[in-house]
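Report on the structure given below.
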Amino acid sequence: MHVIKAESFEEMSRIAANKVMNLVKEKPSAVLGLATGSTPVGLYRELIQDHRQNGTSYQDVRTVNLDEYVGLEPSSHNSYASFMRDMFFSHIDIAEQNTHIPNGKAGSLEEECQRYDKLIEGLGGVDLQVLGIGRNGHIGFNEPGTSFESTVHVVQLDQSTREANSRFFDSIDSVPREAITMGIASILKSKEILLLASGASKAEAIKQLFEDSVSEQFPASALKTHHNVTLIADQDALQLTG
Ligand code: F6R
């Protein structure tokens, strides 16, 4: 794993944005794997600013998001579909039909998982996957114990993940209990992976990532088996790694 140390959240975001922009310029029809949460917000801000100032175009870019809550309408303000629209898609020139997010309201969740797997395959796979990391080492919504063989699947969310995400909801009770997520095997199929980590709350997880062996008990450790992963982390997230 290649590690890039950033001074701050802002620097982490700029470095990540440069990687995404370079790929999009090199391959205008690139397939970007995207994440939600607090970590990539600065990255999206940088990309929007670059789009406005330098005209980097997303007209032919395709995106696939990692995950979506089960039970929320795409229009619900807490859905990841809304998050992506508000934070990124509505500010760039991407075509809506080129942006893909699992449908958490699908009649059959099982069929939706299969559809999403096939969709990613049909796009030719993900060129660059952006990831954040959970405090328990989750990537996507793959909680500790998830098989490294997993493809797109439905997960029961850990209480700790629901608590961490409750900041976006009225109360913990309104945080969905299930989500659809790309599995670990789906993530590892990406040609390149950018793992972003910012803040002291991620320091323990980053320490574990560096020090612990590869184990399904710590999902992010699967990234150590991939040949093209870059961790971009700020000082606070790296504070326990020396
Ligand atoms: C989001 C996702 C999650 C987050 C992780 C970190 O699509 O799949 O794995 O990346 O929970 O979240 P933040 O960035 O809010 O700390």
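The values are calculated or read from the model by the stated rules, or taken from the named source; none is laboratory data. Note that the structure is a prediction, hence the values are computed from the model and not measured. Note that each Cβ is placed from the backbone with ideal geometry, even for glycine, and that neighbours are counted across all protein chains shown.
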query = Of all residues in segment 142-194 being aliphatic (A, V, I, L, M) and more than 18 Å from the chain's Cα centre (by Cα), which is nearest to Leu123 (Cα to Cα)?
reply = Val175
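Matching residues to (1) touching a helix residue (DSSP H, G or I) at 6+ places or on another chain (Cβ under 7 Å); (2) of a type in the set (Asp, Glu):
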position: Gln159; (1), (2): no, no
position: Val175; (1), (2): yes, no
position: Ile184; (1), (2): yes, no
position: Ala197; (1), (2): yes, no
position: Glu204; (1), (2): no, yes
position: Lys207; (1), (2): no, no
position: Phe210; (1), (2): no, no
note = Taking segment 21-40 and keeping only residues that are within 15 Å of Met84 (Cα to Cα), in a loop (DSSP other than H, G, I, E, B) and of a type in the set (A, V, I, L, M), one is left with Ala35
inquiry  = Any residue in segment 28-50 that is closer than 12 Å to Ala16 by Cα sitting within a Cβ distance under 6 Å of a residue that is small (Gly, Ala, Ser) and more than 10 Å from the ligand (Cβ to nearest atom)? List the pairs, counting only those 6 or more apart or interchain.
reply    = Gly42/Ser13; Leu43/Ser13; Leu43/Ala16; Leu43/Ala17; Glu46/Ser13; Glu46/Ala17; Leu47/Ala17
inquiry  = Please verify whether Ser221 is under 26 Å from Tyr116 (Cα atoms) and touching a residue at least 60 places away in the same chain (Cβ under 8 Å), treating the condition exactly as stated.
reply    = yes
remark   = Those residues of segment 41-71 that are surrounded by fewer than 19 Cβ atoms within 10 Å (Cβ to Cβ) and part of a loop (DSSP other than H, G, I, E, B) come to a total of 5
task = Of the conditions (1) at pLDDT below 95; (2) of a type outside the set (Gly, Ala, Ser); (3) within 26 Å of Asn54 (Cα to Cα), Asn136 clears all except one; give me its number.
result = (3)
In segment 196-217, the residues that are under 27 Å from Val20 (Cα atoms) and either under 19 Å from the mean Cα position of the chain (by Cα) or in a loop (DSSP other than H, G, I, E, B) (or both) = Leu196, Ala197, Ser198, Gly199, Ser201, Lys202, Ala203, Ala205, Ile206, Leu209
